[in-house]
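Here the structure comes first, spelled out in structure tokens, and everything after it is commentary.
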Amino acid sequence: MTRVAAIAAYLAVLLALDTQVSLRGQLVLGALTWVVLLAAARPLPTQRRAQVAVVICAATVAEVTGSIIWGVYTYRLHNLPTFVPPAHGLVFIGGLALSDALRRHARALVVVAALAATTWGVLGLTVLPRTDAAGALGVPLLLAFLWRSRARAAYAGVFLVVAGLELYGTAIGTWRWADTLPGLGGPDGNPPSGVASGYVWFDVMALLLAPRLLALVAAARRVKRARRAPAGLREPGSDPEGLTPDFSH
């Protein structure tokens, strides 16, 4: 739980500092967050680091689409702060660390996440100040993954971390969600109940694509070593492109 607490504390301070700085200050916070991410990812196994990389790429595309292009939510300076991509990596690491720390209580973690998401969605449709019809659409997605996926504990941990950050970040004004979905008109919460559920898609892509990414890297390295090795030392089948003449006949 030490890693979870450290990441949560850093992100809380980071978001609070962002409310007080200019664009130049955001650049400093971005550089610092990349350093913190690299330090947090260094002790992780290779496949886990690959998952972090996939999450950062997927989340950055979603941030540009949702904030800059679509305008579903906006950051304080109406930009994409440079600390946001590495912060997504830290959120992912923190969520996985939470699920690892509570491995013996994985079922309870999943139940808590499911109840939290369901309750939030229902409250958004009934008693919260802003009706949250758009956000509630994401809740069934999370419940489906919590019910069927083998990685349900990881999804539950990440959901809880994201939910806490969304509530905190919107409360202090680091970002704000639009009252309605631009172009669609559906009422949205600030934050929407389903936004943390939507984060599950980043986790799904990470778990699915990271092994393929590592396989591609390994294949590229094998080809590179085969090209550098002297012809007589190459193993059979190590020259997939047929670049080495065969003088064996």
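The values are calculated or read from the model by the stated rules, or taken from the named source; none is laboratory data. Small disclaimer: the values here were computed from a predicted structure and weren't measured. Note: ideal-geometry Cβ built from the backbone for every residue, glycine included; neighbour counts use all protein chains shown. Please note that ligands, DNA and RNA were not included when accessible areas were found on the heavy atoms of the full protein model with its side chains. Shrake-Rupley method; radii C 1.70, N 1.55, O 1.52, S 1.80 Å.
Classification of the stretch 29-154 by its C-alpha gyration tensor yields an oblate form. The axis ratio a/c (a ≥ b ≥ c) is 1.5 or more, and b/c is at least a/b. For the chain, the longest principal axis of the C-alpha atoms and the axis of helix 23-41 are separated by about 60°. Each of 55, 5, 89 was scored by the projection of its Cα onto the charge dipole of the stretch 1-123, and the greatest displacement toward the positive side belongs to 5; charges sit on the C-beta of Lys, Arg, Asp and Glu. Heavy-atom accessible surface of residue 149, to the nearest 10 Å², is about 20 Å², with a 1.4 Å probe and all protein chains retained. For residue 220 and residue 24, the difference between the fully extended length at 0.36 nm per residue and the C-alpha to C-alpha distance is 66.7 nm. Around the Cα centre of the chain, unit charges on the Cβ atoms of Lys, Arg, Asp and Glu (plus for the first two, minus for the last two) sum to a dipole of about 880 debye.
When you restrict to C-alpha pairs under 8 Å that are six or more residues apart and normalise by the size of the stretch 9-148, the relative contact order lands at 21 percent. Dividing the helix sum by the residues of the chain, where each DSSP H run of 4 or more adds -39500 (n - 2.57), gives a mean residue ellipticity at 222 nm of -21500 deg cm²/dmol.
Between 137, 27, 156, the Cα set farthest toward the positive side of the dipole of the chain (charges on each charged residue's Cβ, about the Cα centre) is that of 156.
When Cα Rg over 2.2 N^0.38 Å is computed from the coordinates, the matching label among (i) 1.22; (ii) 0.96; (iii) 0.92 is (i).
Compared with the dominant principal axis of the Cα atoms in the chain, helix 84-101 is inclined by about 90°.
Only Cα pairs under 8 Å and 6+ residues apart enter the sum, and on that basis the relative contact order of the chain stands at 24 percent. For the chain, the share of accessible area belonging to carbon and sulfur comes to 67 percent (1.4 Å probe, ligands and nucleic acids excluded). Using heavy atoms of the protein chains and a probe of 1.4 Å, the accessible area assigned to residue 93 is about 10 Å². Per residue, the stretch 1-149 exposes an accessible area of 52 Å² to a 1.4 Å probe, with every protein chain left in place. The distance from the alpha carbon centre of the stretch 1-21 to that of the stretch 124-168 is 21 Å, rounded to a whole number. A cut-off under 15 angstrom between Cβ atoms defines the neighbours of residue 190, and their net charge, with Lys, Arg +1 and Asp, Glu -1, is -1. Other residues with beta-carbon under 10 Å from the beta-carbon of residue 96 carry, at +1 per Lys or Arg and -1 per Asp or Glu, a net charge of 0.
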